[in-house]
Amino acid sequence: MAKPKKRRTKKHSNWARDQRLFSSSHLFTWEGLLSPADGYQYTTAQAFMRMGGWCPMGEDLARHLLNYPRNWMIGVRALCRTPGGAMWMESQTFDLPSHRLSDIDDAYHKLRADVLSAQRTDQVFDMGWIAQTWRGEKPRDDVELWHYYYAPPAIIAEVCSDERTIRSMAGPGYSVERYETWQQSNRDYLEERRKES
């Protein structure tokens, strides 16, 4: 009787699994959008699934995302609006290959100041940051569409004409409450920075 053939199985690679899972993930926050549960600012972590689009990431996965060096695209962005209703986004982006986000904790303060220096503060209705991973060769994106994620649809429409893409990316728009929340948050932030200096 012939011996059954042994199946050759490929060893599991934790590193390869990690790279696949986190090859297209992002984190973002808006200073003027507060959690309805506790009234504090919050950070959203999501992973892109081919069949389901951007899906929420649990706390354990989000911590794992942050604990290891990755290739990051980082953007700091300010949402702006004139009294007449015209809206746009001021931003700065940069690449951070093979780093942990925690390696640049202080960078946000400088980038935040740089973005605000290009804009009248009384026209800003929210501000925040977004960080997205990539694996291998950085994807080409001439308009840096990735950093428009969860911006108001009218602002995304300035750089993208595809309605389906706009709907899948869009976040809340302008409101007086959001404007006032961010303006107060900015005053608190500047006062805290003044005390630290």
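Bear in mind that the values in this text are calculations on the coordinates, not laboratory data. Quantities reported herein were computed from a predicted structural model and do not represent experimental measurements. Heads up, the Cβs are rebuilt from the backbone with ideal geometry, glycines too, and the neighbour counts pull from every protein chain shown.
A DSSP coil position with no more than 12 other Cβ atoms inside 10 Å describes the following trypsin sites (Lys or Arg not before Pro) in the range 79-145: Arg120, Arg140. Scan the chain and report its longest stretch carrying no chymotrypsin sites (Phe, Trp or Tyr not before Pro) that are both in a DSSP loop and have at most 16 other Cβ atoms within 10 Å. Longest stretch, sites excluded: 43-197. If you run the Gaussian network model on the chain, springs between alpha carbon atoms under 10 Å, then out of Ile130, Ile104, Ile155 the most flexible one is Ile104. Could you tell me which label, among (1) 12.1; (2) 15.8; (3) 13.4, carries the value of mean projected area of the Cα convex hull in nm² calculated for this structure? Identified label for the calculated read-out: (2).
Computed about its Cα centre, the charge dipole of the range 24-196 is approximately 260 debye, with only Lys, Arg, Asp and Glu carrying charge at their Cβ. Once both labels are positioned 7 Å from their Cα atoms along Cα-to-Cβ, the gap between Glu192 and Val143 label points is 3.4 nm.
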